[in-house]
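Encoded as structure tokens, the structure appears first; notes follow it.
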Amino acid sequence: MSDIDPVLTTYNDIRQQVQIRATVSEEGALREEVFTRWAIDLLEEKGDVAGGEPCACVAPRVGKVSGYWLDRDMGRLTVFVSKFAGTNDPLRMPAADVATLINGAIRFVSKCRMNWHRSLEESSEGFAFGETISTIDFKKTATNVVVLTDHRSPKLPDFELKIDGKDVTWTVWDLERFHRLLTSGREREEITIDFGGRQRSSPLHEDAVLESRLRDLPNDAPGLRLSGDLP
């Protein structure tokens, strides 16, 4: 890999920021937890997420949750799940590994809905997350899973998830996408929408959050058509 690779430069910058923040952290946070906080802060600053509360929750044979944000007024739950390596060169994350992270986060949520979290220490972040989950009416709440990683994820999985009959949307913020966000000079990533005429593929075709928001618009909104069908 070339030393002048701009994506590698971004990767090293992220790795250095995480290492510095982990070193000065009074709580002795792990690097993946620091990365989660950094990523959520960045996405909130750029307007891609409304907010986020880091919480490191890991359960063997269940899954993990790295953070969440609940907007009760809008009826939206965002669940963050991170995978950070911080190695000398960026790793690749296969589509199967992305699917494992997303499924694990949803499995963790499902377990908490059955009060599984009550077996955890009350002072733990997992218990606090579970208590929040237990108060949600998922028939009236849209759930979105956001994967945060310093890996490259060139291929994404193709699968569908539901909670109480409602589609679970998901999106992946990998190294390439963080690089675009940090170097584009834009407040948000550019999103291509077809306003009539020939269809064009969106560079954010994997962004399920965009699709979720567009579903809220009336079907007859003048001149608006997403490049691709929404159910």
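The values are calculated or read from the model by the stated rules, or taken from the named source; none is laboratory data. This structure is a prediction, so every number in the text was calculated from the model and none was measured. Cβ atoms come from the backbone with ideal geometry, glycine included; neighbour counts cover every protein chain shown.
Brief remarks follow.
- Residue check for Ala50: more than 14 Å from the chain's Cα centre (by Cα), over 19 Å from Glu176 (Cα atoms) and among the hydrophobic types (A, V, I, L, M, F, W, C): no
- Screening segment 53-78 for residues that are β-branched (Val, Ile, Thr) and at pLDDT 95 or above and picking the one that is farthest from the chain's Cα centre (by Cα) gives Val65.
- When segment 144-155 is filtered for residues that are of a type in the set (A, V, I, L, M, F, W, C) and out of contact with any helix residue (DSSP H, G or I) (no Cβ under 6 Å at 6 or more places or on another chain), only Val146 remains.
- Conditions (1) over 18 Å from the mean Cα position of the chain (by Cα); (2) modelled with pLDDT of 95 or more; number of the one not met by Val81: (1)
Quick grid of which residues meet (1) hydroxyl-bearing (Ser, Thr, Tyr); (2) farther than 16 Å from Leu148 by Cβ:
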residue: Val24; (1), (2): no, yes
residue: Val34; (1), (2): no, no
residue: Asp41; (1), (2): no, no
residue: Pro60; (1), (2): no, yes
residue: Ser66; (1), (2): yes, no
residue: Leu70; (1), (2): no, yes
residue: Phe84; (1), (2): no, no
residue: Asn88; (1), (2): no, yes
residue: Ala105; (1), (2): no, no
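- Criterion: crowded, with 17+ Cβ neighbours inside 10 Å, among the aromatic types (Phe, Trp, Tyr), under 21 Å from the mean Cα position of the chain (by Cα) and at pLDDT below 95 - qualifying residue of Phe159, Phe129: Phe129
- Qualifying residue in segment 199-208 (condition: part of a loop (DSSP other than H, G, I, E, B), buried (at least 18 other Cβ atoms within 10 Å of the Cβ), modelled with pLDDT of 50 or more and in contact with a Leu (Cβ under 9 Å, 6 or more places away or on another chain)): no
- Sole residue being among the polar types (S, T, N, Q) and under 30 Å from Asp89 (Cα atoms), chosen from Thr132, Thr171, Thr141: Thr171
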